[in-house]
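Encoded as structure tokens, the structure appears first; notes follow it.
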Amino acid sequence: MRPEAHLQAFMKRKETIFKWAVEVRGIENSKRIIGDNASKAITELLSAYLHKKRKVEEGFQLNHTWFKSERVFGRLPEFENKKAVVGKMMDMERLCEKLSYGSPRQPEEAKKVLKLFEELEAIIMGML
């Protein structure tokens, strides 16, 4: 995919999280929606960065599930702020998985995901 397509996918997921899940339904009623979309959205944003900076080939596909394991460091090329970005994405993926597939969670866990989302968005957008 081209960087623009990844950015468009990011924006759609971001809108789902903040406009629909948070504003309309509320965090308490949207933990699974947040969990299903946050990690995937940030993965799209990182993909846009990696493609735009030509760190990966055009056919390269980044998968949010890679961020469950430290092995992701070896699967990704070197890039600016890699350690911080990947560390935060690993934290987010683990939290998102609990929100999406586990038993019902407290709203605080969804708030942690939203905070990580905003931090990662700021870092990656700053690199773009």
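All of the numbers you see were taken from the coordinates with simple rules; none came from a lab. This is a predicted model, so every value here is computed, not measured. Every residue, glycine among them, receives a Cβ derived from its backbone with ideal geometry; neighbour counts consider all protein chains shown.
Some notes on this structure:
- Elements of type helices (runs of 4 or more DSSP H) in region 1-104, at least 3 residues being under 15 Å from the mean Cα position of the chain (by Cα): 3-15, 31-52, 82-101
- Among residues of region 57-72, those that are surrounded by 14 or more Cβ atoms within 10 Å (Cβ to Cβ) and without any contact (Cβ under 8 Å) to a residue 24 or more places away in the chain, counted: 3
- Subset of region 10-26 [crowded, with 20+ Cβ neighbours inside 10 Å and either within 20 Å of residue 102 (Cα to Cα) or in contact (Cβ under 8 Å) with a residue 40 or more places away in the chain (or both)]: 17, 21
- Criterion violated by residue 68 - all others in (1) of a type outside the set (A, V, I, L, M, F, W, C); (2) in contact with a helix residue (DSSP H, G or I) (Cβ under 6 Å, 6 or more places away or on another chain); (3) closer than 17 Å to residue 128 by Cβ satisfied: (3)
- Test: residue in region 102-124 that is touching a His at 6+ places or on another chain (Cβ under 7 Å) and more than 17 Å from residue 51 (Cβ to Cβ): no
- Filtered residue count, region 115-127, keeping only those that are under 11 Å from the mean Cα position of the chain (by Cα) and surrounded by fewer than 18 Cβ atoms within 10 Å (Cβ to Cβ): 3
- Count - residues of region 73-101 that are without any contact (Cβ under 8 Å) to a residue 40 or more places away in the chain and aliphatic (A, V, I, L, M): 5
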